[in-house]
Ligand code: SAH
């Protein structure tokens, strides 16, 4: 068989690919192995920091594409640069013998002379240190808080050159790369795990092949090293479970400490380095250690997620607790039905993430939103998940709470004013009324299959309850027909309230027989609530908006969002007197 090995073109990448080629060739002399150099996006963009050009995958995408297309059969990369999960359709083979996993410090010998040492005291005050990695930068700052960290990129040779050109005091590089390039002599000192935890699986080669290429997998795995594979599994399990963005400082080192046991040192930090947590655990199974480490660290670093009900539309219908938390939030993850004015409460530097859902056109699936919540909880202290109405009224708030529990993230719910009640109120329809309605029932007209099959119309007709249908605008006819078939009288009062509590609110008051026609005639838009019951008749009396709009001037003017209430300020001053 002939196998082609795809690799980047840097010296280190070529050395690594040739190592793989030579080992395979030696073991399988009947096969032939060739190297093909593939230029990746990461190689083409050299002038910007890594995080500005996207995910870790920038150095591998093109190679992976060629493996998938069978242009090449084997991809060789550094495992520390690989995302937690391989590309769909591809796998990593078992780890071969690992090269030195430590990080190494290169001192600028033009400044300090050709020295080797064991401490960083040699560095002058405010020494300038180059590294492209936040993991290395923040850990180095723990050793020398006065150091200034600058971003440098490029392959090993480029970085060493830049150290001289930019007159940096030193740079930090992976020991494995230096050793493979026979450049160990430039190392001033290797970091201990206590000083600097390495990137997950640093020093391990990632050998990537197609998932279905079982014969090749067997060949490559026959050269694997059980201990290195265990270490890599422990560290990469941590990486996968912590599920943080690649621009965050993440580190893990797993190693055997005796016959039975391993230890894992793991680290996680926020983008700005304000949060930086380290832990050490011991146990007998590397993968379990990786998982446990992620759990323990998450518990330590995650902030609190507040699932806040934003109210039905009118921004002033947010609760006071909700408003206070919005002002404090470091990150706000909000939905489509949320009034954008509420974002006025946000601090200037708060991160705002839109995950709006439009019916049938989900911008972000729920599973992704759940993951995003955990991710943001790792990065921030106060995370607000802002949802229309009340988070538990068809808001999937419960699912988010359960997911957050499973991922050791603290959370609280701040109930909101639901459109199911308040939307009717703004249309003059009280959801209950003595002698007219004995209760209410709020149902969704939208299920997984977008059918109404699961609704029990018979029981709806029997009770003397106000019926409220959410997410039902496209099914007005079906709903009214079903109610009539189940025995409800055709002239039962029914209404639709669209964009309730907003400036664009529209109300259609009708009966079961005519509601659908009216809704179409008036071109009613979603979101809309359908309400059926005698209480609809009270709108004549209770539509306070139309009734009192002429007297608007007399209404209390509420402060603008984001503008501090003058009264509260005054009260505070008096308190301090
Ligand atoms: N959690 C929300 C409901 C989410 S389901 C709440 O408590 O209000 C989304 C549905 O709510 C919409 O399809 C619509 O039926 C209803 N809805 C939400 N806001 C609305 C509004 N301002 N006007 C009319 N209906 C609204």
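The values are calculated or read from the model by the stated rules, or taken from the named source; none is laboratory data. Owing to the predicted nature of the structure, the values given are computational and were not obtained by experimental measurement. Cβ placement follows ideal geometry from the backbone for every residue including glycine, while neighbour counts extend to all protein chains displayed.
Details
- Leading residue by the ranking (nearest to residue 250 (Cα to Cα)) among those in segment 126-179 that are in contact with a helix residue (DSSP H, G or I) (Cβ under 7 Å, 6 or more places away or on another chain) and assigned to a helix (DSSP H, G or I): 177
- Counting only residues that are within 16 Å of the ligand (Cβ to nearest atom) and either at pLDDT 95 or above or part of a strand (DSSP E or B) (or both), segment 317-341 holds 6 of them.
Residue-wise test of (1) crowded, with 17+ Cβ neighbours inside 10 Å; (2) more than 16 Å from the ligand (Cβ to nearest atom); (3) within 40 Å of the chain's Cα centre (by Cα); (4) modelled with pLDDT of 95 or more.
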site: 455; (1), (2), (3), (4): yes, no, yes, no
site: 458; (1), (2), (3), (4): no, yes, no, no
site: 465; (1), (2), (3), (4): yes, yes, no, yes
site: 479; (1), (2), (3), (4): yes, no, yes, yes
site: 489; (1), (2), (3), (4): no, yes, no, yes
site: 520; (1), (2), (3), (4): no, yes, no, yes
site: 524; (1), (2), (3), (4): yes, no, yes, yes
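- Applying the criterion of at least 3 residues that are touching a residue at least 40 places away in the same chain (Cβ under 8 Å) to the strands (runs of 3 or more DSSP E) found wholly in segment 458-546 leaves 465-470, 493-498, 528-532.
- Residue check, residue 397 at pLDDT 95 or above, within 15 Å of the ligand (Cβ to nearest atom), closer than 11 Å to residue 307 by Cα and in contact with a helix residue (DSSP H, G or I) (Cβ under 8 Å, 6 or more places away or on another chain): no
- Scan of segment 432-449 for residues that are within 13 Å of the ligand (Cβ to nearest atom) and either outside any loop (DSSP other than H, G, I, E, B) or crowded, with 20+ Cβ neighbours inside 10 Å (or both), ordered by number: 442, 443, 444
- Qualifying helices (runs of 4 or more DSSP H) (wholly inside segment 1-87; at least 3 residues being at pLDDT below 90 and either closer than 30 Å to residue 241 by Cα or under 31 Å from the mean Cα position of the chain (by Cα) (or both)): 41-44
- Of the candidates 424, 373, 352, the single residue that is away from the ligand (no atom under 14 Å from the Cβ), assigned to a helix (DSSP H, G or I) and touching a strand residue (DSSP E or B) at 6+ places or on another chain (Cβ under 6 Å) is 373.
- Of 366, 406, all but one fail to be in the same structural domain as residue 327 (by TED's automatic domain parsing), within 19 Å of residue 305 (Cα to Cα) and either within 16 Å of the ligand (Cβ to nearest atom) or touching a helix residue (DSSP H, G or I) at 6+ places or on another chain (Cβ under 8 Å) (or both); the exception is 366.
- Verdict on residue 413 being within 16 Å of the ligand (Cβ to nearest atom), at pLDDT 95 or above, in a strand (DSSP E or B) and in the same structural domain as residue 394 (by TED's automatic domain parsing): yes
- Taken together, 341, 287 contain a single residue that is over 30 Å from residue 252 (Cα atoms) and in contact (Cβ under 8 Å) with a residue 24 or more places away in the chain, which is 341.
- Extreme residue, farthest from residue 460 (Cα to Cα), among residues of segment 491-515 that are out of contact with any helix residue (DSSP H, G or I) (no Cβ under 6 Å at 6 or more places or on another chain) and away from the ligand (no atom under 16 Å from the Cβ): 514
- Index of the failed condition, residue 384 passing every other in (1) crowded, with 23+ Cβ neighbours inside 10 Å; (2) in a loop (DSSP other than H, G, I, E, B): (2)
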